[in-house]
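The structure appears right after this line, and notes come after that.
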Amino acid sequence: MTDMKELLRSLPSLPGPYVPFDTAQAPAQPEPLFAQWLQAAIDAGIREPHAMTLSTVDGDGCPDARVLILKNVDEHGWHFAISRASPKGRQISDSPQVALTFYWPALGRQVRIRGTAHDMGEQTSSADFLARPLGSRAGALLGRQSDVLESPQELEDGLARQLRRLEQQPDVLPDSWVVYAVRPREIEFWQGNEQRRHVRLRYRRAPDASWSKERLWP
């Protein structure tokens with residue numbers, strides 16, 4: 001049997017080399033820097049560079065996390081789309097304080113965002129849903145996310161019914177679909193270093209919506 005501890009110790013961690021992060025050159029606001037880092041991840045050929053971990057808390061205060069896809073970044077914040085009826089949707093309804101984490105291992109970079117999720121409204125949510133692939137819409141119309149699945153056939157039958165429904169009603173929308181934007185209060189840009197001299201820059205939003213910057217210890 002494999003010794004898990006030895007296996008994990010044998011795996012490389014932050015091997016580098018990485019591009020240095022000069023915090024003195026960082027812009028006054030975090031959005032342009034995020035756009036630069038995302039583009040660098042795309043240019044590096046990282047698969048799904050727009051994937052992120054959404055962290056929430058449940059009614060008992062226990063943390064929960066899952067990977068989603070970033071939909072947009074604008075003056076409202078960082079966008080994602082989910083069903084209100086899903087566990088994460090119910091958790092956000094109860095407590096809209098969330099965290100987003102991006103990680104691009106080939107670049108040794110993380111971006112950590114803490115803020116509040118805001119409903120972007122029916123028009124934005126409808127437009128997002130209708131732009132999704134057919135199979136994704138069929139799955140959302142089922143409305144059974146995270147329910148116990150009694151048999152694979154139950155899933156196949158349900159998807160088939162919804163696909164037929166979409167053929168007849170291509171513009172049908174689930175009531176539960178919602179696009180949230182996370183308005184950040186803190187954003188940290190983390191650049192790893194092979195010698196563990198990680199460079200960390202945190203932006204913090206002031207009450208007047210301006211941003212301050214501060215370097216953190218590794």
For Lys5 the rounded accessible area (nearest 10 Å², probe 1.4 Å, non-protein molecules ignored) is 130
With the dipole of segment 47-134 defined by +1 on each Lys or Arg Cβ and -1 on each Asp or Glu Cβ, the option from His79, Val67, Pro96 whose Cα lies farthest towards the positive pole is Val67
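Tell me, what % of the accessible area of the chain is carbon and sulfur with a 1.4 angstrom probe? Working shown, then result.
Values: 6650 of 13170 Å².
The nonpolar share, carbon plus sulfur, comes to 51 percent.
Measuring with a 1.4 Å probe in the full set of protein chains, what accessible area per residue, in whole Å², belongs to the chain?
Numbers: 13170 Å² over 218 residues.
Per residue, the chain has an accessible area of 60 Å².
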Stretched fully, the stretch from Glu214 through Gln169 gains (0.36 nm per residue minus C-alpha distance, one decimal, in nm) 11.0 nm
Output for segment 79-160: GluC sites (Glu not before Pro) sitting in coil per DSSP, at most 10 other Cβ within 10 Å, listed by number, reads Glu150
For segment 33-101 the trypsin sites (Lys or Arg not before Pro) that pass both the DSSP coil test and the at-most-10 other-Cβ-within-10 Å test are Arg47
In degrees, nearest 10, the alpha-carbon axis of helix 152-168 is tilted away from the dominant principal axis of the alpha carbons of the chain by 80
Nearest-0.05 FRET efficiency for Glu75 and Thr53 at R0 = 25 Å, using Cβ-Cβ distance, is 0.60
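On average over all directions, what projected area in square nanometres does the chain have, based on the convex hull of its Cα atoms?
Average projection, Cα convex hull of the chain: 16.3 nm².
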Across Ala160, Ala85, Ala106, the residue with the highest GNM fluctuation in the chain (Cα network, 10 Å cutoff) is Ala160
Relative to the chain, whose Cα atoms define the longest principal axis, helix 30-43 and its Cα axis are tilted in degrees, nearest 10, by 80
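The values are calculated or read from the model by the stated rules, or taken from the named source; none is laboratory data. In this text the structure is predicted, and so the values were computed from the model without any measurement. Glycine gets a Cβ as well: all are built from the backbone with ideal geometry, and neighbour counts include every protein chain shown. Remember, those area values only see protein heavy atoms, side chains included, never the ligands or the DNA or RNA. Shrake-Rupley method; radii C 1.70, N 1.55, O 1.52, S 1.80 Å.
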